[in-house]
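The values are calculated or read from the model by the stated rules, or taken from the named source; none is laboratory data. As the structure is a prediction and not an experimental result, all values here were calculated from the model. Note that we place each Cβ from the backbone using ideal geometry, even for glycine, and neighbour counts take in every protein chain shown. The protein model used for the area step is the full one, side chains on, heavy atoms only, and it has no ligands, DNA or RNA in it. Shrake-Rupley method; radii C 1.70, N 1.55, O 1.52, S 1.80 Å.
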Amino acid sequence: MSLLTILCYPDPRLHQVARKVERVDDEIRKLINDMAETMYAAPGVGLAATQVDAPLRIIVIDISESRDQLQAFVNPERVAASGVAEREEGCLSVPGVYEKVRRAERVTVRALDAAGRPFTLEATDLLAVCIQHEMDHLEGKVFVEKLSRLKQSRILARFRKQGRRAVEPGPRRLAL
Ligand code: NI
């Protein structure tokens, strides 16, 4: 396994729309493993392939305290969503920024696992937040784009001024 470099906002590659994975083969499994290692090392609770400059529809998530409950989603599709919930989020590509974001409270997604088997999952709470945040990455969207224009321009100015990797990740909060 190897650690991958996480792209930092406002890198334009974060706006790539990810391609569908045609076949879950060993190459894809290696990418999933490398993404997991990168997520654990960051540390974060979720990572999308877009964030490591691999524009494929793959996300990894582990919200467990024990950090041993890895969930991989290949070609995730949202099949249902309901409710509204607001929660503070951070992003491994926007280190040090934590803001409240409003999303669906409950989502149902269909995806393939690392073995290429289809599964359907209904998620609430933190897992629902993670899934929606990471699926946004696959569409080329970063969470700060859901904030007010004023907040966005402040964050953008800060990252342009400080440059890549200049901001240390904050305390271990919800970094996705
Ligand atoms: Ni993120």
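If you go through region 81-110 and keep only what is part of a strand (DSSP E or B) and polar (S, T, N, Q), you end up with Ser82, Thr108. Within region 123-144, being open to solvent by 10 Å² or more (accessible area, probe 1.4 Å), β-branched (Val, Ile, Thr) and closer than 19 Å to Val97 by Cα holds for one residue alone: Val129.
The number of residues in region 90-102 being within 13 Å of the ligand (Cβ to nearest atom) and either more than 17 Å from the chain's Cα centre (by Cα) or farther than 21 Å from Arg13 by Cα (or both) comes to 3. Anything in region 54-74 that is open to solvent by less than 20 Å² (accessible area, probe 1.4 Å), in a strand (DSSP E or B) and farther than 18 Å from Val142 by Cα? List them, or say none. If the condition is that a residue be open to solvent by less than 20 Å² (accessible area, probe 1.4 Å), in a strand (DSSP E or B) and farther than 18 Å from Val142 by Cα, then Ala72, Phe73, Val74 are the ones that fit.
Every residue, every condition in (1) assigned to a helix (DSSP H, G or I); (2) at pLDDT below 95; (3) more than 18 Å from Leu127 (Cβ to Cβ), yes or no:
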residue: Ile6; (1), (2), (3): no, no, yes
residue: Pro10; (1), (2), (3): no, yes, yes
residue: Glu27; (1), (2), (3): yes, no, yes
residue: Leu31; (1), (2), (3): yes, no, yes
residue: Asp34; (1), (2), (3): yes, no, yes
residue: Thr38; (1), (2), (3): yes, no, yes
residue: Thr50; (1), (2), (3): yes, no, yes
residue: Pro76; (1), (2), (3): no, no, no
residue: Val79; (1), (2), (3): no, no, no
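For region 103-110, the condition of being modelled with pLDDT under 95, within 16 Å of the ligand (Cβ to nearest atom), more than 14 Å from the chain's Cα centre (by Cα) and surrounded by 14 or more Cβ atoms within 10 Å (Cβ to Cβ) holds for none of the residues.
A single member of Val94, Val79, Val107 is in contact with a helix residue (DSSP H, G or I) (Cβ under 8 Å, 6 or more places away or on another chain) and either over 18 Å from Ala175 (Cβ atoms) or without any contact (Cβ under 8 Å) to a residue 40 or more places away in the chain (or both), and it is Val107.
Out of everything in region 1-53 that is among the basic types (Lys, Arg) and over 15 Å from the mean Cα position of the chain (by Cα), what residue ends up being most open to solvent (accessible area, probe 1.4 Å)?
Keep residues of region 1-53 that are among the basic types (Lys, Arg), which gives 13, 19-20, 23, 29-30.
Cutting the leftovers down to over 15 Å from the mean Cα position of the chain (by Cα) gives us 19-20, 23, 29-30.
Details: Arg19: 143, Lys20: 127, Arg23: 164, Arg29: 77, Lys30: 110 Å².
Step by step, filter region 1-53, then rank; the result is Arg23.
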